[in-house]
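> Dumping the structure here so I can ask a few things about it.
The values are calculated or read from the model by the stated rules, or taken from the named source; none is laboratory data. Here the structure is a predicted model, which is why all the values come from computation and not from measurement. Don't worry about glycine lacking a Cβ; one is built from the backbone with ideal geometry, like all the others, and counts go over all protein chains shown. Ligands, DNA and RNA are excluded from the accessible area calculation, which covers all protein heavy atoms including side chains. Shrake-Rupley method; radii C 1.70, N 1.55, O 1.52, S 1.80 Å.
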Amino acid sequence: MLKAAFPGSFDPPTLGHIDIIQRAAGIFDELLVVVAENHQKKYLFSAEERAEMIRRLTVDYRTVSVVICDTLIVDFLQKQGIKLLIRGVRGLEDFSYEFELSMMNKALNPGIETLFMTTDPEYFVLRSSSIKELASFQGNTSGMVPPLVVDALKEKYRTGKN
Ligand code: ADP
């Protein structure tokens, strides 16, 4: 059984994230999407909202499950018995950040390997932070995030919950 985890903020999940999830689900026997809850960070969507969106978006993938994690990811994976951590990379800028992060995780737990998956060219400009900014100005986010996320963003910015 080859199990992998894909951790991230997913605030909100984009088509780029979903593409990585779909492709990883096609490679590994089980994929755990880990929604990070870092109490130092300010999120637009709560961890439960982010996890629920991903659950709904991956409902057709039997081997994908979604959990929330508010501890160190390597400690969490150790407890789950998962040795592979997937991260997506859009370009060089992502890579240098992701590389440093993977070095830190390796120092914390050398038994966990980080695997990088490159973005699909169709999604390489998609970034949750810019999508939120666009949505805050009532810009059109369809084509960047799945329809249910388009609606969730509209709802957040309409009700001023951000
Ligand atoms: P984090 O705060 O952990 O970086 P993100 O939700 O921003 O969380 O990203 C989670 C993972 O998904 C990261 O590895 C990031 O590089 C990757 N990612 C984000 N957007 C894309 C995209 N458009 N294509 C491929 N990978 C992506």
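> Of all residues being more than 19 Å from residue 4 (Cβ to Cβ) and more than 8 Å from the ligand (Cβ to nearest atom) in the range 105-128, which is most open to solvent (accessible area, probe 1.4 Å)? Just the residue, please. Spell out how you get there, then give the answer.
The initial filter retains those residues of the range 105-128 that are more than 19 Å from residue 4 (Cβ to Cβ), namely 107, 121-128.
In the following step, the residues that additionally are more than 8 Å from the ligand (Cβ to nearest atom) were identified as 107, 121-122.
Working: 107: 85, 121: 105, 122: 134 Å².
Once the filter is applied, the top-ranked residue is 122.
> Shifting gears a bit: Just the residues that are more than 9 Å from the ligand (Cβ to nearest atom), touching a residue at least 12 places away in the same chain (Cβ under 8 Å) and open to solvent by 10 Å² or more (accessible area, probe 1.4 Å), please, taken from the range 6-26. Please lay out each step first, then the result.
Taking the range 6-26 first, the residues more than 9 Å from the ligand (Cβ to nearest atom) are 18, 21-26.
So of that shortlist, the ones also touching a residue at least 12 places away in the same chain (Cβ under 8 Å) come out as 18, 21-25.
If the condition is that a residue be more than 9 Å from the ligand (Cβ to nearest atom), touching a residue at least 12 places away in the same chain (Cβ under 8 Å) and open to solvent by 10 Å² or more (accessible area, probe 1.4 Å), then 18, 22, 23, 25 are the ones that fit.
> Would you confirm whether any residue within the range 87-95 is charged (D, E, K, R), without any contact (Cβ under 8 Å) to a residue 12 or more places away in the chain and on the phi < 0 side of the Ramachandran plot?
Among the residues of the range 87-95, at least one is charged (D, E, K, R), without any contact (Cβ under 8 Å) to a residue 12 or more places away in the chain and on the phi < 0 side of the Ramachandran plot, which makes the answer yes.
> Sticking with this one: Could you please let me know if residue 131 is within 21 Å of residue 43 (Cβ to Cβ) and either small (Gly, Ala, Ser) or within 12 Å of the ligand (Cβ to nearest atom) (or both)? Steps first, please.
Numbers: within 21 Å of residue 43 (Cβ to Cβ): yes; either small (Gly, Ala, Ser) or within 12 Å of the ligand (Cβ to nearest atom) (or both): yes.
The answer is yes for residue 131.
> Output the number of the condition that residue 65 fails; it satisfies all remaining conditions of (1) over 12 Å from the mean Cα position of the chain (by Cα); (2) outside any strand (DSSP E or B); (3) not basic (Lys, Arg).
Going through the list (1) over 12 Å from the mean Cα position of the chain (by Cα); (2) outside any strand (DSSP E or B); (3) not basic (Lys, Arg), residue 65 breaks only (2).
Listed here are the residues, each with its yes/no results for (1) among the charged types (D, E, K, R); (2) surrounded by 12 or more Cβ atoms within 10 Å (Cβ to Cβ); (3) away from the ligand (no atom under 14 Å from the Cβ).
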| site | (1), (2), (3) |
| --- | --- |
| 69 | no, yes, no |
| 74 | no, yes, no |
| 79 | yes, no, yes |
| 103 | no, no, yes |
